[in-house]
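My questions will all concern the structure given below.
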Amino acid sequence: MSDAVQRVSTPGVSDEVAIQIIGMHKWYGQFHVLKDINLTVRRGERIVVCGPSGSGKSTMIRCINRLEEHQQGQIIVDDIELTGNLKNIDAIRREVGMCFQHFNLFPHLTVLENCTLAPIWVRKVPKAQAEEIAMEFLNKVRIPEQAAKYPGQLSGGQQQRVAIARSLCMSPRIMLFDEPTSALDPEMIAEVLEVMVNLAETGMTMICVTHEMGFARKVADRVIFMDGGEIIEQNEPEEFFNNPQSERTQQFLSQILAH
Amino acid sequence: MSDITQSNAPGQHYPPGEHPDLPPPPGTVGAIGWLRNNLFSSIPNTILTLLAIYFLVVSIPPVLDWVYFEADFEGASRTDCTSAGACWALIDVRLKQYLFGLYPSDELWRVYVAGLVLALAVLPVLFDKIPFRKILLVNTLLLPITGFYLLSGTGSGPDAWLTTVETPQWGGLLLTLVIGVTGIVASLPIGVALALGRRSNMPVVRAMCVTFIEFVRGVPLITILFMSSVMVPLFLPEGVNFDKLLRCLIGVSLFSAAYMAEVIRGGLQAIPKGQYEAASAMGLSFWKMMYLIILPQALRIVIPGIVNTFIGLFKDTSLVLIIGLFDLLGIAKTVITDANWIGLSHESYAFVAVIYWVFCFGMSRYSIWLEAKLHTGHKR
């Protein structure tokens, strides 16, 4: 259980940096939400971010693809720095896929159209090819038979798996997950996590904001604990769970592992 | 648990898990069930049902008598109408004026062709699965040009291919449709643009859109029509003639665009933030996001409001009478001032009311059909 994922470190690749956040601050008006965030994510690294609600973990990963704007510091994704420059933002968004807590599928489009929309309109992939790719990923998340349905006809777990497939259709190099299982029933959580584990095994760079500690133990290379807009602690999962350093982390872990 | 099983299957017991589907008790479904549930479910409901039946029995026969059984359908003037009912001879004799105003009789074929072109232009817009849709759409795009030249002509004099028919000669249903269709076609895109502008982050764009919408919504359509027909010429240089109908079209379009903008803004606000975020996260630009994701959903939500505005606009076209254009209602008023037909206001107004109703009801049914068609099972 603890070591289901074979972590292969290919020289030269694992050392490569996918995301670098340096001294990043963010305010909502007067409210200081993110304080001096420093984080380096290696290519292929799988990071789980946890922390109490309001700790800024979602805000942090939403800064990485500029759904939120940071006011100070640097965010560098794939050697591209995130600035107000729209070209940079577009370039980064093409490389970074994202899955949301509430899936955010497009309800007026079929599952297949959801998956082919961005490849066709952003990457200019021909329609037939985009559909082929989409079916491939729908196969990987094991719901190819739902391709012609509309999102409203699917269960939450199926919708989230479509959302993952939709992101993968853009062949992103980095995937962000913003509490992908928080809105799901327990049985659906399992099916979504399974897809995420499979994805992790392909070597995708992933940052997951989640409270699924089993998932963290199983696939994460590093677990980050945030509170009050700061990164309090980060460590390998074994160390993080068995030997948390800060009092705040211990408190948090005892709360979420208690039940 | 066993109580429930027993009450569901009177007199019959089944082992757990093997209970078959049984038909519902008699009298709860079908015609009798419907009557019992809807018309006679309680004493007040039964009284209301009986009152309604009484009212219908009393009121329908006189209406039918007036409209049909005791009506006159032929004649040359109202003195030929001798029976007690309606005098439809008026409509029969003056039908061309109701439909086309003072459009010259020799040129009426152009109106018929234009009507056909319009019908063919509307079809591919309303229905996406009709044959030859692409070709028909070309026709639709060309409609402003073909319609304009067909109706107003290419020039005067004997050489002209189509003799000019001045817009003051247009009238009746023709004029109503010209104003209504132009207003509908123009107000939707302008309304979308205004709605997007009002939600823009750019302060100048937003301020301009808000000012326009609030100004136009704040004044009556009649004021705008008056200003366009009386005041605009004052500001134009001497000798510049700006067709009155064209000014009226612009006025009507902008007026309904302001209403449309607010309807569409309502739809835009109903779209969850997550849709914008998902679209942005996938790298869609603002315009692609609007075109592919936001507007299709926003417009679908507000179809009832949009059609409501269209219907209001279609009937508001009757206000152009005030600036001297004789639309359908204007003709209805004018026809009964003729000494031969004087006083037949019931017939004249009833006739145009039916025409308005047919068009408005058509729009209403189409909107219901479209809503059902675009419903994709998502709950919101």
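The values are calculated or read from the model by the stated rules, or taken from the named source; none is laboratory data. Computed from a predicted structure; not experimentally measured. Methodologically, a virtual Cβ is constructed for each residue, glycine included, from the backbone with ideal geometry; neighbour enumeration extends over all protein chains shown. The accessibility values were calculated without ligands, DNA or RNA, using every heavy atom of the protein model including side chains. Shrake-Rupley method; radii C 1.70, N 1.55, O 1.52, S 1.80 Å.
Summarise the partner chain shielding of A:82-90 as one whole number: the mean count of Cβ atoms from other chains within 10 Å of each residue's Cβ. If you can, show how the numbers build up before the last one.
On the way: counts 0, 0, 0, 0, 2, 0, 0, 2, 4.
The per-residue average across the peptide is 1.
Something else about it: So what's the projected area for the protein assembly as shown, the Cα convex hull averaged over all directions, in nm²?
On the way: hull surface 180.1 nm².
Its average projected convex-hull area is 45.0 nm².
For the stretch B:13-64, what mean projected area does the convex hull of the alpha carbons give, in nm²? Don't skip to the end; give the middle numbers.
Details: hull surface 23.5 nm².
Over every viewing direction, the Cα hull of the stretch B:13-64 projects on average to 5.9 nm².
Taking each residue in B:267-280, count the Cβ atoms of any other chain within 10 Å of its Cβ, then average. What number comes out?
Details: counts 0, 0, 0, 0, 1, 3, 3, 6, 5, 2, 9, 14, 4, 7.
Taking all residues of B:267-280 together, the mean is 4.
While we're here: Net charge around B:LEU344, counting only other residues with Cβ within less than 14 Å of its Cβ (Lys, Arg = +1; Asp, Glu = -1)? Write out the running numbers ahead of the final one.
Values: positive: B:ARG78, B:ARG94, B:LYS333; negative: B:ASP72, B:ASP80, B:ASP92, B:ASP338, B:GLU347.
Neighbour charge sum, excluding B:LEU344 itself: -2.
When Lys and Arg each count +1 and Asp and Glu each count -1, what net charge do the other residues less than 13 Å away from A:ALA91, Cβ to Cβ, add up to?
Values: positive: A:ARG66, A:LYS87, A:ARG93, A:ARG94, A:ARG123, A:ARG173; negative: A:ASP78, A:ASP79, A:GLU81, A:ASP90, A:GLU95.
Residues near A:ALA91 contribute +1 overall.
Another one. How large is the accessible surface of B:TRP357 in square angstrom, using a 1.4 angstrom probe and rounding to the nearest 10?
Accessible surface of B:TRP357 is approximately 150 Å².
If you project the alpha carbons of the stretch A:129-207 onto their three principal axes, what span does each projection cover, largest first, in Å?
Dimensions of the stretch A:129-207 along the principal axes of its Cα atoms: 33, 30, 17 Å.
Moving to a separate point now. Determine, for chain A, the count of lysine pairs separated by eight or more sequence positions (or lying on different chains) whose alpha-carbon distance falls under 28 Å.
15
Sticking with this one: So between B:ALA160 and B:LYS129, what do we pick up on full extension, going 0.36 nm a residue minus the alpha carbon distance? Provide the component values of the computation, followed by the final result.
Numbers: separation 31, 0.36 × 31 = 11.16 nm, distance 3.97 nm.
Working it through step by step, the gained length comes to 7.2 nm.
Counting only heavy atoms of protein chains, what accessible area per residue, in Å², does the stretch B:127-212 have with a probe of 1.4 Å?
Details: 5040 Å² over 86 residues.
Computed with neighbouring chains in place, this is 59 Å² per residue.
Taking K and R as +1 and D and E as -1, what net charge do the other residues with C-beta under 9 Å from the C-beta of B:ALA84 add up to?
Numbers: positive: none; negative: B:ASP65, B:GLU70.
Here the count lands on -2.
Of B:THR146, B:THR334, B:THR79, which has the largest mean-square fluctuation in a 10 Å C-alpha GNM of chain B?
With Cα springs under 10 Å in chain B, the top fluctuation among B:THR146, B:THR334, B:THR79 is at B:THR79.
Looking only at Cα atoms, what is the convex hull volume of chain A per residue, in Å³? Each step should come with its number before you reach the end.
Values: hull volume 35.6 nm³, N = 259.
Taking only Cα atoms, chain A has a hull volume of 137 Å³ per residue.
Please work out the ratio of the alpha-carbon Rg of the stretch B:165-317 to 2.2 N^0.38 Å and round it to two decimals.
Values: Rg = 17.9 Å, N = 153, 2.2 N^0.38 = 14.9 Å.
Dividing the Cα radius of gyration by 2.2 N^0.38 Å gives 1.20.
Given the convex hull of the Cα atoms of the stretch B:92-146, what is a quarter of its surface area in nm²?
Numbers: hull surface 19.7 nm².
Across all orientations, the stretch B:92-146 yields a mean hull projection of 4.9 nm².
On to the next question. Provide, for q = 0.07 Å⁻¹, the log10 of I(q)/I(0) from a solvent-free Debye sum over equal Cα point scatterers in chain B.
Values returned for q = 0.07 Å⁻¹ are -0.51.
Given a 1.4 Å probe, show me the residues in the stretch B:355-378 buried by at least 10 Å² of accessible surface when comparing the whole protein assembly to the chain alone.
Those are B:THR376, B:GLY377, B:HIS378, which lose 10 Å² or more relative to the chain on its own.
Please build a GNM for chain B, connecting alpha carbons under 10 Å apart, and tell me which residue among B:SER42, B:SER256, B:SER200 fluctuates the most.
Answer for the Gaussian network model of chain B: B:SER42.
Give me the distance in nm between label points sitting 7 Å out from Cα along the Cα-to-Cβ direction at A:GLU201 and A:ILE76, one decimal.
Computed distance between label sites A:GLU201 and A:ILE76 equals 3.5 nm.
To continue, here is another question. Taking only protein heavy atoms into account and a 1.4 Å probe, give the accessible area per residue of chain A in Å².
Details: 11270 Å² over 259 residues.
That works out to 44 Å² for each residue.
Take chain B, connect every pair of alpha-carbon atoms lying under 10 Å apart with a spring to form a Gaussian network, then pick out the residue of B:MET231, B:MET208, B:MET282 with the largest mean-square fluctuation.
B:MET282
What helices does chain B hold that run 15 Å or longer along their axis, going by alpha-carbon atoms, with a Kyte-Doolittle average of -1.0 or more, using DSSP H for the helix calls? Could you put the intermediate results ahead of the total?
Details: long enough: B:43-64 (32 Å, 1.93); B:89-100 (18 Å, 0.67); B:108-126 (27 Å, 2.13); B:133-152 (27 Å, 1.26); B:172-198 (37 Å, 1.93); B:203-218 (22 Å, 1.12); B:244-270 (39 Å, 0.99); B:303-316 (19 Å, 0.94); B:345-374 (43 Å, 0.65).
Flagged H segments are B:43-64, B:89-100, B:108-126, B:133-152, B:172-198, B:203-218, B:244-270, B:303-316, B:345-374.
Mind checking the mean number of beta-carbon atoms from other chains within 10 Å of the Cβ atoms in B:292-302?
Values: counts 8, 5, 1, 0, 4, 4, 0, 1, 2, 0, 0.
So the per-residue partner count for this stretch is 2.
Further, regarding this structure: For the stretch B:116-191, what is the convex hull volume of the alpha-carbon atoms per residue, in Å³? Walk me through the numbers before you get to the answer.
Values: hull volume 8.6 nm³, N = 76.
Convex hull of Cα atoms, per residue: 113 Å³.
So if R0 is 25 Å, what FRET efficiency would B:TRP369 and B:LEU64 give, r being the distance between their Cβ atoms, rounded to the nearest 0.05?
On the way: r = 30 Å, r/R0 = 1.21.
So, using R0 = 25 Å, E works out to roughly 0.25.
Heavy atoms only, probe 1.4 Å: what % of the accessible area of the protein assembly as shown goes to carbon and sulfur, would you let me know? Intermediate results must be reported in sequence, preceding the final value.
On the way: 20570 of 33180 Å².
Here carbon and sulfur together make up 62 percent of the probe-accessible area.
Let me ask something additional. Report the calculated FRET efficiency for A:LYS124 and A:SER182 (r = Cβ-Cβ distance, R0 = 41 Å), to the nearest 0.05.
Working: r = 35 Å, r/R0 = 0.84.
That pair, A:LYS124 with A:SER182, gives E of 0.75.
Taking 2.2 N^0.38 Å as the expected size of a compact globular protein, what ratio does the Cα radius of gyration of the stretch B:1-157 give against it, to two decimals? Present the calculation step by step, with values, prior to reporting the outcome.
Values: Rg = 30.9 Å, N = 157, 2.2 N^0.38 = 15.0 Å.
Relative to the 2.2 N^0.38 Å estimate, the stretch B:1-157 comes out at 2.06.
Stretched out fully, how many nm does the piece from B:VAL138 to B:LYS333 gain, at 0.36 nm a residue minus the Cα gap? Spell out each step's value before the answer.
Values: separation 195, 0.36 × 195 = 70.20 nm, distance 3.85 nm.
Stretched out fully, the B:VAL138 to B:LYS333 stretch lengthens by 66.4 nm.
Tell me, what are the semi-axes, in whole angstrom and largest first, of the equivalent ellipsoid of the stretch A:110-259 as set by the roots of 5 times the Cα gyration tensor eigenvalues?
Values: eigenvalues 224, 53, 30 Å².
Computed over the stretch A:110-259, the values are 33, 16, 12 Å.
Could you put B:TYR98, B:TYR349, B:TYR356 in order of accessible surface area, largest first, with the 1.4 Å probe and the full protein assembly present? Each step should come with its number before you reach the end.
Numbers: B:TYR98 0, B:TYR349 85, B:TYR356 30 Å².
From most accessible down to least: B:TYR349, B:TYR356, B:TYR98.
Still on this structure, please answer the following. Taking Cβ-Cβ under 4.7 Å as the only way to count a partner, pick out the unpartnered cysteines of chain B.
By the Cβ distance rule, which asks for a partner under 4.7 Å, the isolated cysteines are B:CYS209, B:CYS248, B:CYS360.
How big is the A-B contact in terms of buried accessible area, both chains counted, 1.4 Å probe, rounded to the nearest 100 Å²? Mind showing how you got there, number by number?
Values: alone 12230 and 22940 Å², together 33180 Å².
The summed interface area works out to 2000 Å².
If R₀ is 60 angstrom, what is the calculated FRET efficiency for the pair B:ALA31 and B:ASP80, using the beta carbon separation as r and rounding to 0.05? Write out the running numbers ahead of the final one.
Working: r = 48 Å, r/R0 = 0.79.
With R0 = 60 Å, the Cβ-Cβ based efficiency is 0.80.
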